[in-house]
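Here's the structure we're looking at; comments come further down.
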There are 2 protein chains.
Amino acid sequence: MKETDILITNGIVMTMNSNETVIPNGAVAISGDRIADIGPCDKFSNCRAGKVIDAKNGIIMPGLINTHTHASMSCFRGLADDLHLMTWLNDYIFPAESKLNYEKVKIGALLACAEMILSGTTCFADMYLFEDAVAEAAKAAGVRAVVGEVLYDFPSPSYGLIEEGFVYTENLIKKWKNDPLITVAVEPHSPYLCAPDLLIRAGDLSNEYEVPLIIHVAETQTEVSTIFERYGKTPIAHLAEIGVLSPFLLACHCVALTDKDIEQMAFYDVKVSHNPESNMKLASGIAPVPEMMDAGVCVGLGTDGCTSNNNIDMFLEMDTAAKIHKVNTLDPTVMDAKTVLKMATRDAAKALGLENLTGSLVPGKKADVIVIDTNKPHLTPMYNLHSHLVYAAGGNDVDTSIINGQVVMENRQLLTLDIAKVMADVNQVADEVKLSR
Amino acid sequence: MKETDILITNGIVMTMNSNETVIPNGAVAISGDRIADIGPCDKFSNCRAGKVIDAKNGIIMPGLINTHTHASMSCFRGLADDLHLMTWLNDYIFPAESKLNYEKVKIGALLACAEMILSGTTCFADMYLFEDAVAEAAKAAGVRAVVGEVLYDFPSPSYGLIEEGFVYTENLIKKWKNDPLITVAVEPHSPYLCAPDLLIRAGDLSNEYEVPLIIHVAETQTEVSTIFERYGKTPIAHLAEIGVLSPFLLACHCVALTDKDIEQMAFYDVKVSHNPESNMKLASGIAPVPEMMDAGVCVGLGTDGCTSNNNIDMFLEMDTAAKIHKVNTLDPTVMDAKTVLKMATRDAAKALGLENLTGSLVPGKKADVIVIDTNKPHLTPMYNLHSHLVYAAGGNDVDTSIINGQVVMENRQLLTLDIAKVMADVNQVADEVKLSR
């Protein structure tokens with residue numbers, strides 16, 4: 001090629017494409033919002049680029065995709081830890097959330113976007129209140145996002161009664177329909193907080209607009225018992241019966257599953273978001289991820305909100321995902337580094353229905369690209385790319401990030417946000433939370 | 001006080017002393033190699049300091065203590081992952097180690113020291129070959145270390161036959177006897193690679209010089225079976241019978257224990273090094289740490305070598321230690337952040353017999369102090385110090401590190417090592433390893 005907008009050169013290009021192509025001394029050309037070409041550096045020696053980014057022998061790879069978080073909960077990071085789930089929710093999280101409004105949700109989401117960019121995440125799926133504020137924050141930060149207003153049987157601080165929740169969601173879908181960064185999803189909270197009617201209607205809305213349907217399912221054994229008491233079935237079987245299982249469904253957590261559940265999930269091509277650190281911290285359990293993958297279920301990785309983690313660094317989540325299943329199965333070969341990297345990139349994109357846009361470096365896809373600086377003591381020496389990224393690297397090793405063709409971070413400088421102001425705003429929200437306690 | 005060498009001021013001082021004293025707007029004065037005084041900033045307003053370090057409202061705390069690693073294995077980071085233990089050892093690690101010499105071990109240890117300083121570790125306990133090289137590296141880097149030559153029944157690349165191993169260890173003890181940074185330990189590898197005679201003799205040597213005795217014990221269920229076949233006992237019961245259990249003994253891993261083992265460990269005041277990430281990655285199992293602590297056993301945290309981790313960042317190890325036991329016991333209240341921080345500081349010092357020197361900020365103790373920069377998106381806002389350090393912070397948030405009164409890192413610049421040269425040296429070692437495969 002003769003001309004391109006951005007040329008990232010002089011790096012190890014890890015495409016994460018279906019052949020797992022790696023180009024040792026390679027470059028990625030970006031034109032507009034898309035990846036224009038990929039190849040050895042030589043190929044681009046006569047190419048004029050509007051901007052050249054030197055990867056300095058680091059790794060050029062697709063940005064990581066966080067398939068499940070509650071971005072604005074960054075306002076409550078560390079507010080409550082080491083507690084039983086119901087104490088945590090009822091005594092800390094719900095009271096704090098009852099004071100939220102559009103502005104505060106936006107402030108929290110901006111902080112989370114900053115944290116995500118700084119740790120190599122270029123796309124996230126969110127579920128929360130005042131979700132239009134999250135979309136606006138993602139847009140301002142330049143981060144790709146799947147957003148959805150949480151729907152449940154009781155009144156929400158954000159929209160009031162459930163009828164309004166559906167109106168809110170539909171408006172959100174229409175407002176962001178043609179946005180290059182934002183996708184809207186329909187997001188009923190869970191089978192235990194949503195009656196069958198709500199779930200069915202949410203499924204219908206997702207089908208009508210062909211947008212993802214995102215829900216928490218089978219997060220704990222307690223939830224399974226609750227659903228069994230109500231409907232005489234497991235949560236997955238319940239969702240199957242009411243007709244909500246589909247390829248559009250992203251089921252988050254999926255910790256407490258039966259073999260039959262997994263079979264049904266595979267049959268309906270349900271997607272899963274695996275959140276190991278949250279499941280560990282809240283003592284929810286360990287999701288049967290190797291079993292789901294063996295059954296052919298597509299599993300993407302996610303951090304969950306940072307009140308149950310307490311960071312949203314996908315590199316650290318990859319490390320944990322690789323390790324927890326090894327010790328759980330007593331088999332060190334399960335969830336190898338390659339598999340885990342796929343869960344955080346290509347498979348995560350697929351889980352969100354974005355596989356044609358992002359998740360791997362392929363000409364024609366949107367340019368969601370990160371550059372890892374490997375010239376660091378803890379990344380020296382390097383025998384194996386995959387192992388390094390999963391077991392040794394941290395989000396902080398990401399040097400440069402491009403989303404949808406826009407450079408959002410360069411040499412670790414955030415270019416889209418006034419981070420000092422965002423932090424000051426979040427600290428002010430936190431001061432109010434502290435005062436009200 | 002009127003004068004001091006170094007004054008770290010304007011921070012939240014987290015002493016980690018036995019009262020868990022926290023001084024919100026505090027300072028730490030260092031004179032020579034010791035902590036001279038600690039108090040609110042005001043107290044030092046008339047104190048002249050040779051050097052003032054502004055903590056900028058960050059956290060001033062004791063440096064972290066890594067109770068078990070194999071520093072020089074940094075040369076093999078990522079060489080072999082996601083493999084069964086015996087494949088990993090026999091096909092990758094042992095062949096690579098057979099090519100080691102004094103120089104290479106030193107190079108690897110220097111890199112590990114750099115990585116440790118950069119991630120807030122000020123003291124580590126090491127077990128490896130050519131351990132004098134590790135001591136020299138630690139000394140050069142300015143890091144406090146407990147070093148010990150590994151002893152086992154078969155010839156070692158470093159000293160040949162076991163007889164020489166004991167001579168090597170005794171010489172090491174004498175050489176470093178009065179060193180302010182280096183403590184030498186006696187380090188038989190494990191009950192499965194050391195016959196009872198060797199273990200008894202190692203115990204005697206440790207008693208004679210009153211130095212720690214460090215050993216791997218009960219790392220896997222396989223080891224327990226092996227020892228049971230040989231001696232008809234669990235590894236701990238075997239060590240008890242031959243008289244090796246004592247307050248000087250640091251037992252690393254302790255994954256596969258019986259209740260009776262824990263009782264005996266408590267009775268003999270045996271210390272434990274807990275290495276959760278290694279135990280997860282190698283699929284060894286989950287150590288019964290809450291049970292050991294309930295029985296009164298002192299447990300310190302460690303990373304193990306970076307071939308089974310693959311970093312030696314104690315902040316990440318704390319995060320994992322807090323989470324893995326929650327999910328293992330299905331109780332989110334176990335291993336709270338406070339407990340885990342103690343395991344990485346005060347209790348780690350105690351596990352190594354260094355509790356009078358380091359592990360907490362107390363006037364009179366050696367000045368092993370780190371400063372955490374909390375002015376970062378992922379550390380905003382701050383409700384709870386302990387939670388932040390365990391669940392949200394990473395080694396990279398450490399801004400400044402002082403060991404034994406010497407500033408070894410300031411504003412993230414390593415002051416004791418030429419890090420570019422160290423990395424180049426390690427890369428050369430890795431190139432040889434790659435060629436020989």
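Computed from the coordinates by the stated procedures, all read-outs in this text should not be read as laboratory data. Note that this is a predicted model, so its numbers are computed, not measured. Reconstructed Cβ throughout: ideal geometry from the backbone, glycine too, with neighbour counts over all protein chains shown.
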Practice prompt. Quick one: with label points 7 Å out along Cα→Cβ, list the inter-copy distances for B:ASN411 in nm, shortest first?
Written response: 1.5
Discussion item. Rounded, prolate or oblate for region A:321-437? Axes are the square roots of the Cα gyration tensor eigenvalues, ordered a ≥ b ≥ c, and the cut-off for rounded is a/c under 1.5.
Written reply: prolate
Discussion item. Run the label-point distances for A:ASP54 please: 7 Å along Cα to Cβ, every other copy, nanometres, shortest first.
Written reply: 3.2
Worksheet item: For B:ASP313, B:ASP132, A:ASP204, what ranking results if the residue with the fewest other Cβ atoms within 10 Å of its Cβ goes first?
Response: A:ASP204, B:ASP132, B:ASP313
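If you restrict to DSSP beta bridges whose two residues both lie in the protein assembly as shown, what percentage is antiparallel, to the nearest 5? Show your work: numbers first, answer last.
Numbers: 54 of 121 bridges.
Here the antiparallel bridges make up roughly 45 percent for the protein assembly as shown.
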Response to the item:
Averaged over residues of B:68-81, the number of beta carbons from other chains lying within 10 Å of each residue's Cβ is 4
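Taking every DSSP beta bridge with both residues inside region A:64-351, roughly what % is antiparallel (nearest 5)?
Numbers: 1 of 27 bridges.
Just about 5 percent of them are antiparallel.
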Discussion item. Using a 7 Å offset from Cα along Cα-Cβ at B:GLU208, what residues in region B:176-195 end up with backbone N under 16 Å from the label point?
Written reply: B:176-177, B:184-188
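Taking 0.36 nm per residue of sequence separation and subtracting the Cα-Cα distance, how much length would be gained by fully extending the chain between B:GLU170 and B:SER45, in nm to one decimal?
Working: separation 125, 0.36 × 125 = 45.00 nm, distance 4.88 nm.
This chain segment gains 40.1 nm when fully extended.
With a cap of 11 neighbouring Cβ atoms within 10 Å, and only residues DSSP puts in a loop, list the trypsin sites (Lys or Arg not before Pro) found in region B:351-423. Mind dumping the intermediate values first?
On the way: sites: B:LYS365, B:LYS366, B:ARG412, B:LYS421; in loops: B:LYS365, B:ARG412.
Those that pass, being in a loop and sparsely packed, number zero.
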Item to complete: With springs connecting C-alpha atoms under 10 Å apart, model chain B as a Gaussian network and identify which of B:LEU341, B:LEU83, B:LEU64 has the largest mean-square fluctuation.
Response: B:LEU83
Worksheet item: Quick one: which of B:138-148, A:178-188 comes out on top by average Cβ neighbours within 10 Å, and what's the full order, highest first?
Response: B:138-148, A:178-188
Item to complete: Neighbouring Cβ atoms within 10 Å as the yardstick, rank B:ARG77, A:ARG346, B:ARG201 fewest first.
Response: B:ARG201, A:ARG346, B:ARG77
Worksheet item: Considering chain A as a Gaussian network with a 10 Å cut-off on Cα pairs, which listed residue, A:ALA256, A:ALA135, A:ALA71, attains the greatest mean-square fluctuation?
Response: A:ALA256
Worksheet item: What is the helix-to-structure angle for B:221-231, meaning the angle in degrees between its Cα long axis and the longest Cα principal axis of chain B, kept from 0 to 90 and rounded to the nearest 10?
Response: 50 degrees
Fill in: Separation of alpha-carbon centers, region A:12-26 and region A:164-200, rounded to whole Å
36 Å
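Across peptide B:371-377, how many C-beta atoms of other chains are within 10 Å of each residue C-beta, on average? Let's see the in-between values first.
Numbers: counts 0, 0, 0, 0, 3, 6, 19.
Shielding by partners across B:371-377 averages 4.
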Item to complete: Sort shortest first the distances from B:SER246 to its counterpart in every other copy, using label points 7 Å along the Cα-to-beta-carbon line, and give them in nm.
Response: 7.2
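From the P(r) of region B:1-93, can you give the percent of Cα pairs sitting at distances over 24 Å? Intermediate results must be reported in sequence, preceding the final value.
On the way: 1868 of 4278 pairs.
That tail contains 44 percent of the Cα-Cα pairs.
Ratio of the protein assembly as shown's C-alpha Rg to 2.2 N^0.38 Å, to two decimals?
Values: Rg = 26.9 Å, N = 874, 2.2 N^0.38 = 28.9 Å.
Compared with the compact-globule rule of thumb, the protein assembly as shown sits at 0.93.
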Response to the item:
Taking a crude spin-label model, label points 7 Å out from Cα along the C-beta direction, the A:ASP91 to A:ALA266 distance in nm is 4.3 nm
Discussion item. Output needed: percent of Cα pairs per 5 Å distance bin for region A:178-325, bins running from 0 to the one holding the longest distance.
Written reply: 2, 10, 20, 22, 21, 15, 8, 2, 0
Discussion item. Mean-square fluctuation check for chain A, GNM, Cα pairs under 10 Å: which of A:SER119, A:SER31, A:SER18 is largest?
Written reply: A:SER18
Worksheet item: What value, in deg cm²/dmol to 500, does the helix sum -39500 (n - 2.57) over DSSP H runs of n ≥ 4 give at 222 nm once divided by the residues of the protein assembly as shown?
Response: -10000 deg cm²/dmol
Practice prompt. Name the nearest-to-axis residue of chain A, judged by Cβ distance to the rotation axis taking chain A onto chain B, and quote that distance in whole Å.
Written response: A:ASN396, 2
Item to complete: Return the FRET efficiency for the residue pair B:ALA195, B:GLN221: r is the Cβ-Cβ distance, R0 is 22 Å, and the value is rounded to the nearest 0.05.
Response: 0.50
Discussion item. Taking the Cα centroid of region B:266-289 and of region B:342-405, what is the distance between the two, rounded to the nearest whole Å?
Written reply: 22 Å
Fill in: Residue order, fewest to most surrounding Cβ atoms within 10 angstrom, among B:HIS238, A:HIS274
B:HIS238, A:HIS274
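Residue by residue through B:276-286, how many Cβ atoms from other chains fall within 10 Å of the Cβ on average? Please list the in-between numbers first.
Working: counts 2, 5, 1, 3, 10, 7, 5, 11, 4, 2, 2.
Per residue, the average neighbour count from other chains is 5.
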Item to complete: Any chance you could give the angle, 0 to 90 degrees and rounded to 10, that helix B:102-118 forms with the longest Cα principal axis of chain B?
Response: 40 degrees
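Using C-alpha positions alone, give me the convex hull volume of region B:75-351 per residue in cubic angstrom. Mind showing how you got there, number by number?
Details: hull volume 32.6 nm³, N = 277.
It comes to 118 Å³ per residue, whole-number rounded.
Taking a 21 Å limit on the Cα-Cα distance, which of the listed pairs A:LYS106/A:LYS366; A:LYS421/B:LYS43; A:LYS51/A:LYS366; A:LYS99/B:LYS376 fall beyond it? Don't jump to the answer; show the numbers that get you there.
On the way: A:LYS106/A:LYS366 25 Å; A:LYS421/B:LYS43 33 Å; A:LYS51/A:LYS366 17 Å; A:LYS99/B:LYS376 25 Å.
Over 21 Å apart, Cα to Cα: A:LYS106/A:LYS366; A:LYS421/B:LYS43; A:LYS99/B:LYS376.
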